[in-house]
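Step one of this worksheet: look at the structure below.
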Amino acid sequence: MELGSSCNCPHLHKFICPERLQDSTSSKQTLDQALSWYEKCISSHEECEGGAFATTERDWLPTRLVDVGVQGDKDWRLVLSAEIVTPPHTTYPLYMTLSYRWGSKPTLLLLSSTMEEFRRGKPIDDLPQTFKDFIQVARHFNVRYVWIDCICIIQDSIDDWEREAPTMASVYSNAACNIAAAAASDPEQRLFTSREPLDPRDKIVAAAIFSADATNYYPLVNSNEHFAEQFESSNLKQRGWVFQEWFLSPRVLHFTRDQTIWECCDGAMKSEIFPSHQLAWDAESDKTSAKSLRAQLGWVPAGSEFPEFMTDQCLDTWTRQVQRYSGCCLTDPRDKLFAISGVAKHFMGVCGDTYYAGMWRTKLSHQLCWKVDTPQPRPICGYRAPSWSWMSVDGMTKIEKVRKFNWTYWADVADVKVITKTDDCTVAVTGGFLRARGCVLSVKYDRYTKKGKGGKHRITFDEKCWLRVELFPDTTEDEFGETGCLQLLVLQTLVLLKPHRRDNVVWLAGGKSLNAGRNPGPSSQKTDSKMTSADDNAQGPNDESTKTLEKGVELVSEDASDVKYIVCEGFKCCREDLEDHFSLDDGQASQIECLICKMTLTDFHWHVPSTSCLVLEPVKAVEGAREKTYRRVGLLMTDSDACGRHMLQEIIRQSPQEIVLI
């Protein structure tokens, strides 16, 4: 219903009023609206028709399905997919999946002893209430088969679980729709909820609509806080397995406390009170929603080619998912690799990179800089992943976002290997190592304050200068005491160089303009721009000798002023690197080569705002390894320029070492 523009608010030309709801989400009106969303998606959303694992010919089914029959049937039974599709009949039926909370004591499980009983069939009335309601939804959608994990995987067979768990990517990607029991805390509670018909409408604010065909319309929508309470903060969303289920499913119908919410791969979310319009609150957050990410990463037009490496965009997307997933709960901590296996396979298909227990081969040095927000006890399930992977610990994990400019990476990963129990590289890790060459520093530390998480620490190399740092232990067992010694593997630094005089170097990003306050000399006097090693820089930042800058140099402004910083990965460069980075013409490239090669580091003020180091603990050497062997126990970060510059001088003075991390 539309209201005229007689509103007291001069900015709103028209309103779109909320729908009047029935008193239960089980009403025919609610289910008809859900079916309408589904049918529109099937008929008009090309991007929702399959993702990285959905088969376009619909020629894949899970090993087992639950046959719920049709309206009026009183029994359900477990069937094998091989029995459903038999030659010459090759039509594959639709099926739906269910996301729910198991509860503390599940009452219905497929066991080796109950297999035959389930195959013969059992009364629907004997099922837990959530499952009965789920069957009602499936029948309303005219879908005869459903997949429920506790009924379709043999729960007392490790072999069956290890076969079925890695197929979750295909199970959810190929499902017609996933039904999310967001309001139920266990299967005995209802999928549907009773409600006061006006309750979802009594928390309304004016907000702009995001619809191409109704630019001047404004709906009355629920406040962001109300939607977040129903959806983002639901107990179901905190379940680790559900993260993957929602990410992989092309369509999800959420049954929340007050209403149903529709989510599909076109990036929009629809609510029952505004069934035809995207939720305004979601317009701000859809870049981080699972469905939008799946649509961006998984749907590629025919004829397109995937990249052969992990791009910065893909890696940033992955790190966001790591943070969300690592903050979720798992009943069995052994499931941590399995419950994100399907998402990992999705990224493998999109980015073409190699996967190592939650990490990617491309930019592996950057991904090693993860930290645990609140350390938890070491997992009691035993070995789960190498210590250098965030998969080895519990608790929310944060990985630094890939910045628009490059870091200096001091640790070169020479070799990495992860051993798995099966051919599936995403699950069942039994061992692994990482061989790196880099700067290993020995420092003393003490704690100078106990405020905040774990307290602040300071370190010293020679007891003449103490540097304040932040130490992040990986587990509670790894927490650092009042005093002690640490061994650090330096991972990365961020170096900013500010010219002493503004007219000394003016270098606009992209190479559009390049001027020097001094004459760089004729091109015939160019200095050889070959790559230099860390040993060439042994005298440190105050060395008067000529230095060159590395690929990735870039200018950034300080706030809104015209003061420029050069951001660099190190102190080495070649002409080809600069040409690749800036796409310069011959004249500009000639100028850059001449200027860079004659530039001395004393032309600049140094700023080293950030340095990250792994905290290491020596362990028994890997058999056959000549290098020292360590395990990771934490992360050290500097957040001051003075500390960063001092540490950078130590790095340059040290000779690289080869070590093994397990």
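Read-outs: derived from the displayed coordinates by stated rules, not from any lab. All values reported here derive from a predicted model rather than from experimental measurement. Cβ coordinates were reconstructed from backbone atoms using ideal geometry, including for glycine residues, and neighbour counts include every protein chain displayed.
Descriptive notes on the structure:
- Peptide packing for 246-252, 413-419, 140-146 was compared via the average number of neighbouring C-beta atoms within 10 Å per residue; ordered from the highest value, the list is 246-252, 140-146, 413-419.
- Take every pair of alpha-carbon atoms less than 8 Å apart whose residues are at least six positions apart; their mean separation over the length of region 312-402 yields a relative contact order of 38 percent.
- For region 312-402, the number of Lys pairs with C-alpha atoms closer than 16 Å, counting only pairs eight or more positions apart or on separate chains, is 5.
- Among residues other than VAL429 with Cβ under 12 Å from its Cβ, the summed charge is +4 (Lys and Arg +1, Asp and Glu -1).
- Cβ-derived FRET efficiency at R0 30 Å, GLN323 paired with SER27, nearest 0.05: 0.20
- Packing-based ranking of 365-374, 324-333 yields 365-374, 324-333, ordered from highest to lowest mean Cβ neighbour count within 10 Å.
- Listed peptides 609-619, 641-651 by packing density, highest first (mean Cβ within 10 Å): 609-619, 641-651
- Spacing of the modelled spin labels on ARG119 and LYS620, each 7 Å from Cα toward Cβ, amounts to 4.7 nm.
- Set LYS444/LYS464; LYS417/LYS620; LYS417/LYS444 screened for pairs whose C-alpha atoms are more than 23 Å apart: LYS417/LYS444
- Using only alpha carbons, region 313-437 has a radius of gyration to Kirkwood radius ratio (Rg to Rh) of 0.93.
- From least to most packed, judged by other beta carbons within 10 angstrom and beginning with the fewest, LEU491, LEU109 follow the order LEU109, LEU491.
- Since only LEU191, SER104, PRO128 are under comparison, the one whose Cα sits farthest along the positive direction of the charge dipole of region 100-205, derived from C-beta charges on Lys, Arg, Asp and Glu, is LEU191.
- Annotation: Cα Rg of region 380-427 relative to the compact-globule expectation 2.2 N^0.38 Å equals 1.51.
- Fully extending the segment from TRP102 to LEU330, taken as 0.36 nm per residue of separation minus the present Cα-Cα distance, adds 81.0 nm.
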